Amino acid sequence: MSVTNTASMTINEMREFAGFSAAEQRYIRRSLDIGLARSDAFRIWSRTGEETAAIRAQYIAYQELKTLRGSVPCESGLGSIEGFLGKLVRVAAFDLAQERIEGFSAFRFLYERLLGAEARPWLPSAFCAAAALPHIRPERRKLLLQSLSEAAATAPGWSARKPSFYPEFIDKDAA
């Protein structure tokens, strides 16, 4: 792939991220720090006792990510989906219950980075399953499920291209 194509895709990913709400952007950056073990999320993201507790819970929920990364089933293989999809729905339900992810686009953006491009085909079903769980408030459940476009739900194929933009914390005081 040419440098121009890679740069163009990175810019598109940056534009997509910029279109998310401030709360979504913050949650995605924090989640990537936790899920990819990039930094100490308590030190960077914790402003209150409530946030400290939420980060601690997220570290626990994200323990499944290592297993999930190594067990993404092939699209046609139904034999291994139960273990994969069940765990993925559990982690996704945690994230959606935090009420920081407002729709499928932000969810997909986050999980493509947490799990890799090979997980893309499984993200619409995991999102729908997690969003439809009874612990999600009914009004929120409706908004989440409506955020999944018909095109995303019925895509005939998915790109195998790896994400290239991984947003990080920016210390405003250091700038």
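The values are calculated or read from the model by the stated rules, or taken from the named source; none is laboratory data. For clarity, every value in this text was computed on a predicted model and none was experimentally measured. Here Cβ is always computed from backbone atoms with ideal geometry, including for glycine, and neighbour counts include all displayed protein chains.
Taken together, the residues in segment 77-101 that are part of a helix (DSSP H, G or I), among the aliphatic types (A, V, I, L, M) and modelled with pLDDT of 95 or more amount to 7. Elements of the type helices (runs of 4 or more DSSP H) sitting completely within segment 1-58 and holding at least 1 residues that are among the hydroxyl-bearing types (Ser, Thr, Tyr), surrounded by 12 or more Cβ atoms within 10 Å (Cβ to Cβ) and at pLDDT 95 or above: these cover 22-35. So for segment 135-144 (the condition being closer than 25 Å to LEU36 by Cβ and either assigned to a loop (DSSP other than H, G, I, E, B) or charged (D, E, K, R) (or both)), does at least one residue qualify? No, every residue in segment 135-144 fails to be closer than 25 Å to LEU36 by Cβ and either assigned to a loop (DSSP other than H, G, I, E, B) or charged (D, E, K, R) (or both).
Tell me whether segment 118-132 contains one or more residues that are more than 27 Å from LEU143 (Cα to Cα) and either of a type in the set (A, V, I, L, M, F, W, C) or not in a helix (DSSP H, G or I) (or both). No, because not a single residue in segment 118-132 is more than 27 Å from LEU143 (Cα to Cα) and either of a type in the set (A, V, I, L, M, F, W, C) or not in a helix (DSSP H, G or I) (or both). From the set of residues in segment 59-76 that are touching a residue at least 40 places away in the same chain (Cβ under 8 Å) and in a loop (DSSP other than H, G, I, E, B), which is farthest from ARG90 (Cα to Cα)? Here the answer is GLU75. Restricting segment 133-166 to residues that are free of Cβ contacts under 8 Å to residues at least 40 places away in the same chain and small (Gly, Ala, Ser) leaves a set whose member that is farthest from ARG120 (Cα to Cα) is ALA151. Screening ALA18, ALA41, ALA7 for residues that are of a type in the set (A, V, I, L, M), free of Cβ contacts under 8 Å to residues at least 24 places away in the same chain and within 13 Å of PRO167 (Cα to Cα) leaves exactly one candidate, ALA18.
Please work out if ALA61 is loosely packed, with under 15 Cβ neighbours inside 10 Å and not hydroxyl-bearing (Ser, Thr, Tyr). No: the conditions fail for ALA61.
All conditions but one from (1) part of a helix (DSSP H, G or I); (2) surrounded by fewer than 17 Cβ atoms within 10 Å (Cβ to Cβ); (3) in contact with a Ser or Thr (Cβ under 8 Å, 6 or more places away or on another chain) apply to LEU114; the one that does not is (2).
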